[in-house]
Structures are given as C-alpha cells and as structure tokens.
Amino acid sequence: MTSFISPAARKPFSASNILGGKQILHTDPRSAVEWIELVRRGIPAPAIDAVLGLVDLRQGELSRALDIPERTLVRRKKEGVLNCEESGKLLRLARVVERAGEVFEDGSLALDWIKSPNASLGGATPLSMLDTDLGADSVMTILGRIEHGIFT
C-alpha cells in the first residue's frame, strides 16, 4: 500500500506553513509573484498567532524581531490584516525559519539556532537580526555557510 505524503508534511517549515498555511492565507503561494501579491494585499493577521505558536515566541519577542510595535500587532489582530510593510517583515521571518529548517533538517535544531547567540553575528541571535533586510541577509549567508560546512 502506497501512502500519500502531502508536500506540506514533507516540508513543515515552508514559509506558507509557518504563516498558517492555506487555511489562514486563503491561498497557496508558489512563486515570488504570488508572494508579492499576497504581501501587497496584506497577510491575514491570524498569521501572527501561527508564527508565535510554531516558532515558540511571545508577542513581545516577535514585535522586536520584526521592528513592529507590540501595540500595532495587537491592533492588526483586531483589524484582521497586516499592511504591506508589516506583511513583508513577517514573510521575511518565515523565509528565514524555512531556510534554517532546510539547513538543519530538524525543526527543533533550526529554532534553537535562530534563538541562540551566534559568534558570526557578534554574539547576537539570528532572530534579533531580522528587523532589517541587511540583518536577514546576513543570517541567510550564515545558513548558506553552515550548509556548505563553513563555520567561521
């Protein structure tokens, strides 16, 4: 008997799943163009809670990681949708978590790495670097180096 394993089950740390999947996003973006359209429309606010649960963060930690005031996150939850800039920041975090999951091939290890001080980041945690594009790029570069066995 052949069992079917859904793509989501094979890749639990896809950006889409991190943000709550089709149930929350009301779409299943598969290309950059589709993600851009979603970000421009605004990611549904329930994605905030999906990220908090999967990445095991408190709202204040997420607020700092995204450089979005905590009161704004609370307001967006009431309004139901994030604006374009906030959506882009939340997607950036989801993409980093997705990449860490690919590199470490273990969700727990990936999340531990994201939350742990890193010498390559001057002792900062990768999570704390995600408030800027440059910081996120640095984290992605480090993940690429780890993937290729370069740890310095």
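A few remarks follow.
- Those residues of the stretch 14-63 which are loosely packed, with under 14 Cβ neighbours inside 10 Å, at positive phi and not in a loop (DSSP other than H, G, I, E, B), in sequence order: none
- Matching residues in the stretch 71-88 - criterion: being part of a helix (DSSP H, G or I), surrounded by fewer than 21 Cβ atoms within 10 Å (Cβ to Cβ) and in contact (Cβ under 8 Å) with a residue 40 or more places away in the chain: Cys84, Gly88
- Among the candidates Leu134, Leu143, the residue that is out of contact with any Leu (no Cβ under 9 Å at 6 or more places or on another chain), loosely packed, with under 13 Cβ neighbours inside 10 Å and at pLDDT 95 or above is uniquely Leu134.
- The residues in the stretch 124-136 that are within 17 Å of Ala110 (Cα to Cα) and not aliphatic (A, V, I, L, M) can be counted, and the count is 3.
- Residue check for Ser3: among the hydroxyl-bearing types (Ser, Thr, Tyr) and modelled with pLDDT under 95: yes
- Checked against the criteria, Val103 does not count as surrounded by fewer than 20 Cβ atoms within 10 Å (Cβ to Cβ), of a type in the set (Val, Ile, Thr) and more than 15 Å from the chain's Cα centre (by Cα).
- Boolean, Asp67 is surrounded by fewer than 20 Cβ atoms within 10 Å (Cβ to Cβ), acidic (Asp, Glu) and closer than 22 Å to Asp133 by Cα: yes
- Candidate set from the stretch 116-130 (those that are surrounded by 16 or more Cβ atoms within 10 Å (Cβ to Cβ) and closer than 18 Å to Asp56 by Cα); member that is farthest from the chain's Cα centre (by Cα): Thr125
- Residues satisfying the stated conditions in the stretch 106-115, i.e. surrounded by fewer than 19 Cβ atoms within 10 Å (Cβ to Cβ) and not in a loop (DSSP other than H, G, I, E, B): Gly107, Ser108, Leu109, Asp112, Lys115
The values are calculated or read from the model by the stated rules, or taken from the named source; none is laboratory data. Predicted model, so just to flag it, every value in this text is computed and none were measured. Every residue, glycine as well, gets a Cβ built from its backbone with ideal geometry; the counts of neighbours run over all protein chains shown.
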